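Worksheet for the structure shown next.
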Amino acid sequence: MIEPARAAFLLIDMQMGFIDPTSPLCVAGAAATVPACARALEAARSGQAGVIYHVRRVYQPDGSDVEAVRYRAWAEGGRPLSIANHDSLEAPPELAAAGEAILIKPSFSAFFRTDLDAWLQDIGVTTVVLAGTTTPNCIRSTAYDALELGYNVVVVEDATSSRSPEAQAANLEDMAAVGIQIVTSEQYAAGALASLPDIEAEVAATREESRAASTFARDDTMPPTSALDQSLLVAPDTPAPRLDSIETISTGWINKYRLSYTMPDGRPHTYESVSRKDPKRYARALKRLGDGGKPEPDAVCIVPILRDKVLLIREFRYPLNSWCISFPAGLIEPGERLEEAVGRELAEETGFCLRTDIDRALLVLPQPGFSSTGLAEESVQVVLAQVEPAGNASPEPSELIETFILERTQIGTFLDLNTVPIGTRCQLILEMLANL
């Protein structure tokens, strides 16, 4: 069952710009839900959630980030939800944040181009509970993003609103059909969360049980996790250097940094590193890793399998001034889900796509790995993908890429005879496939 302590309560867009009937962006049903939202918020504060976020919109005064469909009404109606109309930014008194976290989102979903997922992952949240407005837009898009990120999703139906009862009912029905659990504010306040199934955990356990039957199954002779010394699964207790400061040396597509540490014995130590992240994002990434948090993948590496064959690419790599043997790979775009990045990179670099005739075409390795730990903190999520042809590749003009296919029985000979530079990750995975 769901653990309330591992749930996050998100109160979305309950601001006067969406509630006040005089606002051009008013949602017809929003004002009537304020008592139910207040009831759900109080329940969250009383133990039905481990963390609370007040998710809000704040538009730029020039309207540069206002959705096109809303722009005319916004511009002609006093520019609500911007500092030009400060009162419209506020929540009703009974829904005030009261010291709780406020998250400003740039679009409908609370997960779109925000750090919400990383924050929730860091504190072990497995369920999100949604209340606010509007159900068809911000509630629904947040709910679907949360599902795709692996969270249980619960919607408090009478604490959400739409522009019509028909739209409200239809959207709740659609969400329930994809596994989103619907409760009332009274049920939520009465502790219903603890009686709801933890769907994500149950499915994860089922997947783990069936993993041995997968095309990508691990060797059955490997010892189970329970047989391992559990201390091997966490960082050692040995004192680690303390990161004191991060100095930016140079910026560009690659940024260079100087890290100042204090060693366990008190000695100062400096180290130079590089990152594609800007100073703020880089500092957050180092803090997350230093605190033992889960790394967010910056890029994806795809191992494309065609039944008993493997798809590879030859790509001209400018830092090498040479062609290089590798797998399709690329950066994950801001706001892009891993599965979207896989599909995009496959299409762009190879013209292939995930197979549609099997249930499990994609296997994501348990955690991202780091490309060059002596130089950068960039992490890469390796995935194994069952693929099929889909059309022509469409690489960027500067990307010179050729695809080729090896049968598994040819991989060993290829590795023995190849003289073209090859990426370490690609080399090791090919060695593994050659010895399966």
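The values are calculated or read from the model by the stated rules, or taken from the named source; none is laboratory data. In this text the structure is predicted, and so the values were computed from the model without any measurement. Neighbour counts run over all protein chains shown; Cβ positions are idealised from the backbone, glycine included. Ligands, DNA and RNA are stripped out before the accessible areas are found, and what is left, the full protein with its side chains, is counted by its heavy atoms. Shrake-Rupley method; radii C 1.70, N 1.55, O 1.52, S 1.80 Å.
When both residues are 6+ apart or on different chains and their Cβ atoms are under 6 Å apart, which pairs have a first residue that lies in the range 333-356 and is under 28 Å from Thr114 (Cα atoms), and a second that is surrounded by fewer than 18 Cβ atoms within 10 Å (Cβ to Cβ) and aromatic (Phe, Trp, Tyr)?
Gly335/Phe112
Pairs needed: first member in the range 394-407, open to solvent by 50 Å² or more (accessible area, probe 1.4 Å); second member anywhere, in a loop (DSSP other than H, G, I, E, B); C-beta distance under 6 Å; at least 6 residues apart or different chains.
Close Cβ pairs (under 6 Å, with a partner that is in a loop (DSSP other than H, G, I, E, B)) amount to Thr403/Thr350.
Give the residue that is most open to solvent (accessible area, probe 1.4 Å), with candidates limited to residues of the range 364-389 that are farther than 17 Å from Cys426 by Cβ and either of a type in the set (A, V, I, L, M, F, W, C) or without any contact (Cβ under 8 Å) to a residue 40 or more places away in the chain (or both).
Checking each candidate, the answer is Thr373.
Considering each residue of the range 79-95, count those that are among the charged types (D, E, K, R) and under 11 Å from Gln15 (Cα atoms), and give that number.
The qualifying residues number 2.
Based on what the data block shows, is Ala146 aliphatic (A, V, I, L, M) and either within 23 Å of the chain's Cα centre (by Cα) or open to solvent by less than 30 Å² (accessible area, probe 1.4 Å) (or both)?
yes
Identify all residues within the range 410-419 that are open to solvent by 50 Å² or more (accessible area, probe 1.4 Å) and either touching a Gly at 6+ places or on another chain (Cβ under 7 Å) or touching a residue at least 24 places away in the same chain (Cβ under 8 Å) (or both); write none if there are none.
Across the range 410-419, there are no qualifying residues.
What about Leu228, is it of a type in the set (A, V, I, L, M, F, W, C), more than 24 Å from the chain's Cα centre (by Cα) and either open to solvent by 70 Å² or more (accessible area, probe 1.4 Å) or modelled with pLDDT under 95 (or both)?
Considered against the rule, which asks whether it is of a type in the set (A, V, I, L, M, F, W, C), more than 24 Å from the chain's Cα centre (by Cα) and either open to solvent by 70 Å² or more (accessible area, probe 1.4 Å) or modelled with pLDDT under 95 (or both), Leu228 comes out as yes.
Here are the criteria: (1) within 20 Å of the chain's Cα centre (by Cα); (2) acidic (Asp, Glu); (3) open to solvent by 40 Å² or more (accessible area, probe 1.4 Å). Tell me which single one Asp308 does not satisfy.
(1)
Mind listing just one residue for me: the one in the range 319-363 that is touching a Phe, Trp or Tyr at 6+ places or on another chain (Cβ under 6 Å) and open to solvent by 30 Å² or more (accessible area, probe 1.4 Å) and, of those, modelled with the highest pLDDT?
Here the answer is Trp323.
Whether any residue in the range 38-50 is part of a loop (DSSP other than H, G, I, E, B) and touching a strand residue (DSSP E or B) at 6+ places or on another chain (Cβ under 7 Å) is what I want to check.
yes
Scan the range 15-58 for residues that are without any contact (Cβ under 8 Å) to a residue 60 or more places away in the chain, under 25 Å from the mean Cα position of the chain (by Cα) and open to solvent by 30 Å² or more (accessible area, probe 1.4 Å) and report the count.
2
Considering only residues that are in contact with a Pro (Cβ under 9 Å, 6 or more places away or on another chain) and not in a helix (DSSP H, G or I), look in the range 59-90 and name the one that is most open to solvent (accessible area, probe 1.4 Å).
Going through the qualifying residues, I end up with Arg79.
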